[in-house]
Amino acid sequence: MRSGDDEAFDAMGRLGFGTNEAEVLVALHELGTATAREVSQAADVSRPQVYSAVESLENRGLVNVQHANPREFQPVTVEETGSLLTRRFERDIERVTDRLEEAASRREGPSEEREDIWTVRGREAVTERITQLVRDAEARVVFGVKSTDLLTEGVREALAERAAAGMDVTVLSTDAAVRERFADVADVTVFAPEIHDEEANHTGRMLLIDDDTVLHSVLGEEELPGTSRETAYWSAGSGFASTLVAMMERTLQAQTT
């Protein structure tokens, strides 16, 4: 395996490919059509392991086998491979979500108001939580973001969709590049807030949804060069959330008057 392929092979592992399957599939795409001996030489995988890997790949519809002497193997196109993998994992995701919805439907609701504060760690997880909360909004969304690297296209699209649906959408950022990304989005109010608190330097993103949901994320030390850790705290329908909503509203009123 070439060192430059590490990320691709790691990704193939997460998609369910064994090491030999990944090596054989890549070798076949490099060779086009090949015998087990040729694949073994190109992938540095023993011939018995090549046959085993090809059988698995054939069962997935990723490799065609010509039953000649010797047998030859040919991968389906890259486009077809992508489509097959997408359909497979879409079905798997659908099965998982259906099962989870079934389980959730049997859950008994809380008998009294809960004062829950939830924690979400990791930039991708925080982004997904923000996107979902925005899409669930019914009347108002206020989104604050520190910089463009924290404003994904998915979040931007969700905010634009809520605005198009007639909701009150406001975006706050001291970063002119962030504000520019909403220049062509109709019905979204954008402005640069005045920030005096030095602690705000650690704030990554903030979100206010309707009158009962808030999220606030903070940035930590670099996890990887150029990438900061992000942790978000959010609450919905609780006394804690109502208190934070009121505080945010007072701050917004002070900024806009």
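Quick note: the coordinates plus some simple rules give every number you see, no bench work behind them. Note that this is a predicted model, so its numbers are computed, not measured. Virtual Cβ from ideal backbone geometry, glycine too; neighbours counted across all protein chains shown.
Return Leu172, Leu85 ranked ascending by Cβ neighbour count within 10 Å, so the fewest neighbours appear first.
Ordered from fewest to most neighbouring Cβ atoms within 10 Å, Leu172, Leu85 come out as Leu85, Leu172.
Tell me which residues come under 5 Å, amide H to amide H, from Val190 once H is placed; ignore anything under 5 positions away on its chain.
Excluding prolines and chain starts, which carry no amide H, the hits are Val171.
Whose amide H sits under 5 Å from the amide H of Gly204, counting only residues 5 or more places off or on another chain, with H placed in the peptide plane?
Those lying under 5 Å, H to H, from Gly204 are Ser217, Val218, Leu219.
Stick to the Cα atoms of the chain, pair each with every other, and give me the Kirkwood hydrodynamic radius in Å at one decimal.
Mean inverse Cα-Cα distance, inverted, gives 22.3 Å.
Gap in Å between the Cα centre of the range 68-86 and the Cα centre of the range 1-54?
Result: 12 Å between the Cα centres.
Among bridges DSSP assigns within the chain, what percent are antiparallel (round to 5)?
Roughly 75 percent of the DSSP beta bridges within the chain come out antiparallel.
Along the charge dipole of the chain, pointing to its positive end and built from +1/-1 on Cβ of Lys, Arg, Asp and Glu, which listed residue (Val45, Val190, Leu215) has its Cα farthest out?
With unit charges placed on the Cβ atoms, the residue in question is Val45.
Taking the range 114-159, which trypsin sites (Lys or Arg not before Pro) meet the DSSP loop condition and have no more than 15 other C-beta atoms within 10 Å?
Arg114
Starting at 0 and stepping by 5 Å, how many percent of the alpha carbon pairs of the range 1-135 end up in each bin?
Cα pair-distance distribution for the range 1-135, in percent: 2, 8, 13, 15, 15, 10, 8, 8, 7, 6, 4, 2, 1, 0, 0.
Under 20 °C and 1.002 mPa s, how fast does the range 3-78 diffuse according to Stokes-Einstein, given a Kirkwood radius computed over C-alpha pairs? Answer in µm²/s, whole number.
175
Within the chain, what's the longest run with no GluC sites (Glu not before Pro) in a DSSP loop and at most 14 other beta-carbon atoms within 10 Å? Give the range, please.
1-107
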